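J.: This is the structure, below, for whatever I ask next.
The values are calculated or read from the model by the stated rules, or taken from the named source; none is laboratory data. Just so it is clear, the structure is predicted and the values come from calculations on it, not from any experiment. Here the Cβ is made from the backbone with ideal geometry for all residues, glycine too, and neighbour counts use every protein chain on show. Protein only, heavy atoms only, side chains kept; ligands, DNA and RNA dropped before computing areas. Shrake-Rupley method; radii C 1.70, N 1.55, O 1.52, S 1.80 Å.
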Amino acid sequence: MTTTTIAGHEVEVNEEGFLTKPEEWTEDLAPELAQLIGLQLGEEHWKLIRFLREDYAAQGETATLRRVSTQTGTPVKTLFTLFPGKPAKKMAYVSGLPKPKGCV
């Protein structure tokens with residue numbers, strides 16, 4: 001694991017840049033993490049980030065794209081618009097969570 005500084009916070013990250021300790025994440029980090037992957041967060045992003053954090057705390061694993069879509073009522077197409085390319089991976093990254101199972 002590597003320690004890096006993001007938004008003035010020292011955090012541990014893996015080789016892909018994902019936080020290895022979700023408890024180190026704060027809402028201050030999310031915009032910085034988003035910027036690192038070319039995103040600017042709006043209210044729709046925050047709704048999904050907060051869902052992912054709450055769901056992770058309850059389930060013990062990062063929600064899949066399908067779970068995010070069904071539980072939040074957000075169409076998959078919208079998830080791809082908000083987090084282009086690889087939405088599940090990008091949502092997890094910005095939320096300070098591990099990649100969902102099955103995500104490459």
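J.: Do you know which residues across the range 1-26 are in a loop (DSSP other than H, G, I, E, B) and of a type in the set (A, V, I, L, M, F, W, C)? Even if it seems obvious, please write down each step before you answer.
T.: The first filter runs over the range 1-26 and keeps only residues in a loop (DSSP other than H, G, I, E, B), leaving 1, 7-8, 14-18, 20-21, 25-26.
Within the range 1-26, Met1, Ala7, Phe18, Trp25 qualify.
J.: Quick one: how many residues across the range 1-21 are within 12 Å of the chain's Cα centre (by Cα) and exposed (fewer than 15 other Cβ atoms within 10 Å of the Cβ)?
T.: Initial filter on the range 1-21 (within 12 Å of the chain's Cα centre (by Cα)): 17-19.
Then keep just the ones that are exposed (fewer than 15 other Cβ atoms within 10 Å of the Cβ); that gives 17.
Residues that pass the stated criteria total 1.
J.: Here is a check on your reading of the model: is Gln40 more than 14 Å from the chain's Cα centre (by Cα) and modelled with pLDDT of 95 or more? Step through it out loud before you land on a result.
T.: Values: more than 14 Å from the chain's Cα centre (by Cα): no; modelled with pLDDT of 95 or more: yes.
Criteria not met by Gln40.
J.: Same structure again: I need the full set of residues from the range 27-54 which are closer than 20 Å to Gly85 by Cβ, assigned to a loop (DSSP other than H, G, I, E, B), open to solvent by 40 Å² or more (accessible area, probe 1.4 Å) and touching a Phe, Trp or Tyr at 6+ places or on another chain (Cβ under 9 Å), in order please.
T.: Result: Ile37, single match.
J.: Taking the criterion of being assigned to a helix (DSSP H, G or I), of a type in the set (Val, Ile, Thr) and either more than 14 Å from the chain's Cα centre (by Cα) or under 29 Å from His9 (Cα atoms) (or both), would at least one residue in the range 58-67 satisfy it? Please lay out each step first, then the result.
T.: Pass one, the range 58-67, residues assigned to a helix (DSSP H, G or I): 58-59, 65-67.
Subsequent filtering for residues that are of a type in the set (Val, Ile, Thr) retains none.
No: the range 58-67 contains no residue that is assigned to a helix (DSSP H, G or I), of a type in the set (Val, Ile, Thr) and either more than 14 Å from the chain's Cα centre (by Cα) or under 29 Å from His9 (Cα atoms) (or both).
J.: Another question about this same structure. Could you give me the residue pairs with C-beta distances under 6 Å whose first residue belongs to the range 1-19 and is closer than 13 Å to Leu36 by Cα, whose second residue is in a loop (DSSP other than H, G, I, E, B) wherever it lies, and which are 6+ apart or on separate chains?
T.: Ala7/Asp28
J.: Considering only the range 27-60, state which residues are closer than 16 Å to Ala88 by Cβ, in contact (Cβ under 8 Å) with a residue 40 or more places away in the chain and not basic (Lys, Arg).
T.: Leu33, Ala34, Ile37, Leu39, His45, Leu48, Ile49, Leu52, Tyr56
J.: If Lys77 satisfies every condition in (1) in contact with a helix residue (DSSP H, G or I) (Cβ under 9 Å, 6 or more places away or on another chain); (2) open to solvent by 20 Å² or more (accessible area, probe 1.4 Å) but one, which is the exception?
T.: Every condition holds for Lys77 apart from (1).
J.: State yes or no: is Glu24 touching a residue at least 40 places away in the same chain (Cβ under 8 Å), touching a strand residue (DSSP E or B) at 6+ places or on another chain (Cβ under 6 Å) and open to solvent by 40 Å² or more (accessible area, probe 1.4 Å)?
T.: Numbers: touching a residue at least 40 places away in the same chain (Cβ under 8 Å): yes; touching a strand residue (DSSP E or B) at 6+ places or on another chain (Cβ under 6 Å): yes; open to solvent by 40 Å² or more (accessible area, probe 1.4 Å): yes.
Here the answer is yes, as Glu24 does meet what is asked.
J.: Select from the range 68-104 the residues that are polar (S, T, N, Q) and in a loop (DSSP other than H, G, I, E, B) and list them in ascending order. I'd like the intermediate steps shown before the answer.
T.: Going through the range 68-104, the residues polar (S, T, N, Q) turn out to be 69-72, 74, 78, 81, 95.
Listed by number, the list holds a single entry, Thr74.
J.: Does Gly60 qualify as being modelled with pLDDT of 90 or more and loosely packed, with under 14 Cβ neighbours inside 10 Å?
T.: Working: modelled with pLDDT of 90 or more: yes; loosely packed, with under 14 Cβ neighbours inside 10 Å: yes.
Yes; evaluated as a whole, the condition is true for this residue.
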